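Nothing in this text is a laboratory measurement; each read-out follows from the coordinates by a stated rule. Because the structure is predicted, anything quoted here is derived from the model rather than measured. No Cβ is skipped: glycine too gets one built from the backbone with ideal geometry, and neighbour counts run over all protein chains shown.
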Amino acid sequence: MGDAGGVAAPAPIKRLEEAVVNRIAAGEVIQRPASALKELLENSLDAGATSIGITIKDGGLKLIQIVDNGHGIRYEDLPLLCERHATSKLQVFEDLEVISTLGFRGEALASITFVAHLSVITMTEGQAHGYKATYKDGQMQAEARPCAAVKGTQITVENLFYNVAARRKAFKNPNEEYGRILDVVSRYAIHKIGISFSCKKHGDSRADVHTVGSSSRTDTIRAVYGPGVARELIAISASDDSPQGSTFQMDGLISSANYSSKRSSMVLFINDRLVECTALRKAIELVYATILPKASKPFIYMSIHLPPEHVDVNVHPTKREVSFLNQESLVDTIQQAVEAKLLESNNSRTFSTQTLLPGASIAIIPREESSPSPSPPVITPQKAPVNKKVRVDSLNPQGRLHAFMHKKRSVTDEPSQMENDLAKTRRTVRQRRNPKESADLTSVQELLAAIDRQTHSGMLEIIKQCIYIGMADDVLALAQCKTRLYVLNVVNLSKELIYQQVLRRFAHFNVMHLSTSAPLMELLMIALDEEERMGRWCESDGPKGQIAQLNVELLMCKAEMLKEYFSIEIDESGNLCTLPVVLDQYTPDMDRLPSFVLNLGNNVDWESEKECFETLAAAMADFYAMHPPFLPNPNENEHSQTYCVSKSKQAATDEGSEEQAGGSDIDMRAEAETAWAHREWSIQHVLFPAMKLFLKPPMHMANDGTAVQLACLENLYKIFERC
Ligand code: ADP
Ligand code: MG
């Protein structure tokens, strides 16, 4: 290594020691105990076993033992058994195209011997005794010894990752690892229903997964996943053999409208190989979320058969993801089949004609509003984007609305109030965990369903996987998604996210209190002054005072609904007291509060329920979105000069108060710095994590510049991977 600091001379290139190379390669195939188990299990299946027993100690780190009754291994093959690229399943490259066994790379056992101690006892048909051999670093340790055995193979893997301390340390929780192992066994158990599986912890007499190898698939699912799932399964199948489409046959079982779970599970086999196919999973989940929002976490089992030459199983060392021809068309066909099935099984159910739930009838939107004046407040609809507005006079104390904010709860809060809040928080958390309870009005459900319907799956993928890197300018963030680099418009994204979260948290918001309640009248006057400065108000629109007054009255009329559904509380004297928490740990920019209040008066459709909620959510989205702060960014050179220039300007025009002017300039700079730093923190720590969890990007985001790909390292990455 070169010395730190100075320009280091290049280190000479050397060949890695073979053992090191092998250990690195082993890490690719054997990433964790469950991946070792999966390889061993697949070998047993390839050997034609009908009974497979597994014993695990310490989540597989101490011991993985698997016993099968397959065809066994011949004595003369034992020396080669654990050598890299030694396999009985593939001879020439062309075989790969029609491979029907699960293994073929001859890598699994070899890999295991580089990171663990492995021993084998095996016996083939018609022999009098079996043989035992132990292996290390790909080599058999001594001549195989004869021993007592039955037909089949027993493989014992001990002390996994004994020589890879970092990897070993990564598995802190053996139970979690055991869970993953059970997951693999369960999946195979319900696919291979003719085979009996058992998996238990070392020393336990009862198996945690146990199937008998003769029951129906539904019975096996009952035995493995429980009666709750098994009761609610619908059989499904789909196929295609059109010359331009995909050729496939799919048979499966999917959960019905009555099944609700915390997590969705998808057990997918393609040509009998346990795989993941993200595109297919997402497509099916989307159908559930749209048709059965209350059963949106389904259980799916699907087995798909494709012509082997259409599948490339060799895209990944663990063979977990597969790629195949005409994937899109296959996904489409299956998605349609699921949709048809769910609609069919759902026709007679009540929730498709869901009406207002109890409580909603205390109805909120009085239709024939007795407006104090016949004409609505006249202001030209302000469609100009708020982020185009500038703070004209930051020294105007009225413009400083941070003063109204009550950021932290003071320690002297009354205990009863705290208890109250605690109970409320718990309730909210429960409701969020259990979306069933928070499903309220049909109109909100419809708006949520529309979000699901309009989700762009490609964008969704990007958002789910992206990692924040930094801000490229005032509105664009740099983010990495796998091997691609994107610029993402944080204003658009946060606006959409807020809109969606307002609807999702509908009627279940946590509340933030303004430290001093803010008079609506004052807020509206600030906003109207701003409108005037922007040339969007003129004398003929009517006196500003009157417009503000009308708006105050309108909002006070709606106070009950605003409070109950949106946690926007207005007291009898027309003061705004609370705002909802839409994203945890995030407070909107209070400089935008006046225009938000004006927006509520002007741009919300108060007439019909659904439009009302939609436009209200949009107004909140506009307010809460992560716009650039009004104060110029002090970290940009030109702006830092702005602060100095304004200082000298002021000093020149107002000699007497030089010191004062300088002081407020420093204040302003500090305020700007805080505002920008705070926003960037929110983007990184609130927006990105929340987007990954909740945002369903709408179609238009795919081509309106919200996400633009800058670079793709795919090819380079591939080259690295081969090295
Ligand atoms: P692959 O499965 O890709 O061929 P492995 O390293 O997993 O490579 O296994 C190497 C070889 O060991 C297999 O090709 C097979 O011949 C033999 N083998 C492994 N496990 C078993 C088993 N349980 N029963 C019979 N043969 C086995
Ligand atoms: Mg194998």
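Structural remarks
- Relative pair counts by distance (%), Cα atoms of segment 545-593, 5 Å bins: 5, 19, 24, 24, 18, 7, 2, 0
- Relative to one another, the C-alpha centroids of segment 622-637 and segment 233-290 are positioned 45 Å apart.
- Placing +1 on the Cβ of every Lys and Arg and -1 on the Cβ of every Asp and Glu, with no other charges, gives segment 232-344 a dipole of roughly 640 debye about its Cα centre.
- For segment 232-344, the antiparallel share of DSSP beta bridges with both residues in that region comes to about 75%.
- Per residue, the convex hull spanned by the Cα atoms of segment 567-611 amounts to 110 cubic angstrom.
- Hydrodynamic radius of segment 451-596 per Kirkwood, over alpha carbon pairs, in Å: 18.0
- All C-alpha pair distances within segment 17-98, sorted into 10 Å bins from zero, spread as 14, 37, 41, 8, 0 percent across the bins.
- Peptide ranges 596-608, 525-537 listed from the most packed, as the mean C-beta count within 10 angstrom indicates: 596-608, 525-537
- Computed extension gain for residue 235 through residue 666, at 0.36 nm per residue and net of the alpha carbon distance, reaches 148.2 nm.
- Sorted from longest to shortest, the spans of the Cα atoms of segment 18-211 along the three principal axes equal 41, 40, 38 Å.
- In nm, spacing of pseudo-spin labels at residue 183 and residue 709 (7 Å Cα→C-beta vector): 2.8
- Taken one residue at a time, the phi angles of segment 466-477 give Karplus couplings (6.51, -1.76, 1.60, θ = phi - 60°) of 7, 10, 5, 10, x, 8, 8, 8, 5, 10, 9, 9 Hz. Gly and Pro are set to x.
- Over all directions, the projected convex hull of the C-alpha atoms in segment 232-344 averages 6.8 nm² in area.
- Inter-label distance for residue 556 and residue 129, nm, one decimal - labels placed 7 Å from Cα along Cα-to-Cβ: 10.0
- Whole-angstrom gap from segment 532-608 to segment 478-520, using each part's C-alpha centre: 19
- The packing ranking, built from the mean of other Cβ atoms within 10 Å per residue, places the peptides 199-209, 13-23, 329-339, 492-502 in the order 492-502, 329-339, 199-209, 13-23, highest first.
- Each of 82, 29, 175 was placed along the dipole of segment 18-211 (beta-carbon charges, centred on the mean Cα), and the one lying farthest toward the positive end is 175.
- Dipole in debye (nearest 20) - segment 73-167, about Cα centre, beta carbon charges: Lys, Arg +1; Asp, Glu -1: 360
- The calculated FRET efficiency for residue 585 paired with residue 636, based on their beta-carbon distance and R0 = 22 Å, is about 0.25.
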